[in-house]
1. To confirm my reading of the symmetry, which residue of chain B has the Cβ nearest the axis that brings B onto A, and what whole-Å distance does it have?
2. I'd like the mean, over residues of A:443-451, of how many other protein chain beta carbons sit within 10 Å of each residue's own Cβ.
3. Spin-label point model (7 Å from Cα, Cβ direction): what's the residue A:258 to residue A:365 distance in nm?
4. Treating each Cα of the range B:346-443 as an identical point scatterer and ignoring solvent, apply the Debye formula and state log10 I(q)/I(0) at q = 0.13, 0.16, 0.19, 0.21 Å⁻¹.
5. In whole Å and largest first, what semi-axes does the C-alpha gyration tensor of the range B:72-116 yield when each eigenvalue is scaled by 5 and square-rooted?
6. Mind running the shape call on the range A:247-386? Use the C-alpha gyration tensor, a ≥ b ≥ c as the square roots of the eigenvalues: rounded below 1.5 for a/c, prolate if a/b tops b/c, oblate otherwise.
7. To check you understand DSSP bridge types, tell me what percent of the beta bridges within the range A:97-292 (both residues inside) are antiparallel, rounded to 5.
8. Compute the label zone of residue A:442 within the range B:188-222: residues whose backbone N is under 18 Å from the point 7 Å along Cα-to-Cβ.
């Protein structure tokens, strides 16, 4: 049995606070720096590697982090999770997103159903449906092929699938896997749906309504919005819509949809990209085989996360270095900086996955914790960010740990040589340069041009952003978040903090408010 | 004459630290809360208002902030700036972006040129050019109209213009002002340009190359990328490209471009949306009249920023409340949360504008400061963010000040009534509800469902996101950033922190590296 303890009750945490700080600028210089880059990395799945040479760690700190991983029973806790324990204690639920892409432990049976079989079954149903859409067996009423798929969902039903879609768009076009264009409607702002509807041909569009509960206000509102548009175009909405929901939701067996595919309560929204939530739109856009490869990559990376040896477990290692930065060094935010335009919305997805999971002030037992938990996560792709907020990262008054991602090859297969190098080489040269600039800095007599250095970063390096690599990347961060939640002893799988706003918004719409809320409601013409 | 002093040398800063903290949850409840919402707001231009009822301020703190504004000579410093002083001391330059949209003070003459006349002259040249493109007087070689405009630029030549374009897309379509679709290429990642080129019809596309110096590596690389594509399509690149640059740049008088429009060294990239950098693409996309209205809104808001009375100067007030939060209350980041899908990239633009301006550790004289300067800025539109990172904002261990924006009416004129309210009403109800939820919280015996409240926010409320309102909004934040820079005594208008990375990247590409950088370069196949 594992035991759940607060971070500040662990002996190894005291030991961690007592370790000697690593002088990053110094150790990353000269031969020592070269050796660190060669030594401080760990193999990930699908040809990726996680290099932490430019983090403020050394062998001693890594040893204490290993002790911490052991004392906090991180591998055992993960095993409990994938073997089907009720890890989400707040909502009394299992946590099974890893099971959508592979089976790491025992059969998990809930309500009499083998959950792995259930998830695989839904994948097969989606694959069959998508193949029929692509082959023209399922068409619009005029017998014409659907060309566009529009996901209607918000939060986890939007950010992850959207980020994954964008991540593979160029790859799919280049490799002949681009089947249908995808669009996304999320915001209750009517201009969101209006903008998307104006940009597509509704007669050839298939809408995927995604809501686990079938009650998400934004999503149901946008569904009505779309149904109106279909009706106004003289179309039968039920021939243009499918649902992704739980089997118990009102959407599950409705005649309003061409088909329904299922997830369940054991898949948190922000961890649902590998479930039917991502599966439907990605299988329609790029084909079920591509989605399957994406799952394979995630499954391979999940396996690495089961390793008890911290130095061979990239997600756990990344997590623990983050704990050291947050709880010992006192860094309050983390920037995610993929040097890949395809990953333009990956930071926004991680922002949800991380901040919604670990932005908590109470532990699993509802007791306030007396240490910092989840940091602020933000980021944009490089090199764009270099021309934006990197000024503050280099010379601002706060130190912000950086998480770089880079690939050796591009996706689209187009490049130009300017001044003796390709764009891809320039891209990679920039990320390499940034790591060293942040770590080592550069002295200048003009203090305005001085770089103190000592700003830590890690980098995940891959060959190319393929579906497999994307799956591995996603899994890495999901598991990192899970391990950090274990260390902080919080429940990473509920989100009670989003409830109060919903309750108050309903009161505003029902005109049941007083005080400041009433005045604001009046000011906003509600 | 103004005198430039560090924040921690000011008496009023000591007084600010000695003020009594406002119990936000308490004062925002009941009648007192209602009164605060009615009292604590200031009129902005174009029908906007800035409401700071839910900030941790009271009359006493506001009085001390007024003293601070006076002691720091903020209005006088702004006057120096718009009258043409060398405010950007690092680069020894004037700071004239406000002059692109109006004249607040004396004539500003530099190098014998009246700069207001220069900026207006460029606007007229752009307007004439755009009108000729729209009328079909300027066409492609086949005599066909251009349908698409593609901006090639990075940083300030990308984020601001892109955010403004997206902000007005639905409005323009609804009001008959949509002339040409715009796309943007920024990243040196070859997949960025490849992706955009695959999505457009190059034969009917006009490319706007934007680089003040004419030497930006990313932009020149992407220009070559595009020229290759035009050549491969059998087209004459020089008939498809215009340049926005400084008069002294290599691009200024090149036969490679159909036309060139000018900015100068007195317009910082991140403040260039109202110069030719934003002017060309926005005038082409929506017509010069729309761009002129956008400038009008910014000019009106700039006028308010000249007010010496803090309580009538929204940008200065917003700035000083931010100083109180950063330097007294110790909050390290700020979230920008527009309840408007059209403003989806506005937070990314502010992220650059703010973090690149004030992410500094030395004062105007190159001396290290001993207080915190610019915070981390991040954000996504609501209600999307509610289903993402708001969990941490409500229940995380750090308090993060919030900057909301909301409009009473949508842009696209399409809406649906579901459960008795429109989508627009739901959107507005949510932002009103969030302000109160963050400020007041809600006690619950189950600590997992407990909301402590005390989380401060402000909101800018407008009628509709029109070009004028957008201009006012942009000006507000630009001026807020400027005032905060004055208070911190930093130079907000240079960006030396971006240089080291560029220098090292060049070394990597020239294979002139050793140590850790050499190893990273090898790992990345450069």
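We did not get these values from a lab; they are worked out from the coordinates using the rules stated. Owing to the predicted nature of the structure, the values given are computational and were not obtained by experimental measurement. Cβ sites come from the backbone with ideal geometry, for glycine too, and all protein chains shown count toward neighbours.
1. Closest Cβ on chain B to the axis mapping it onto A, in Å: B:378, 2.
2. That works out to 6 on average.
3. 5.3
4. -0.65, -0.86, -1.05, -1.16
5. 17, 14, 8
6. prolate
7. Of those bridges, close to 10 percent are antiparallel.
8. Once the point is set 7 Å along Cα→Cβ of residue A:442, B:216-218 turn out to lie under 18 Å by backbone N, inside the range B:188-222.
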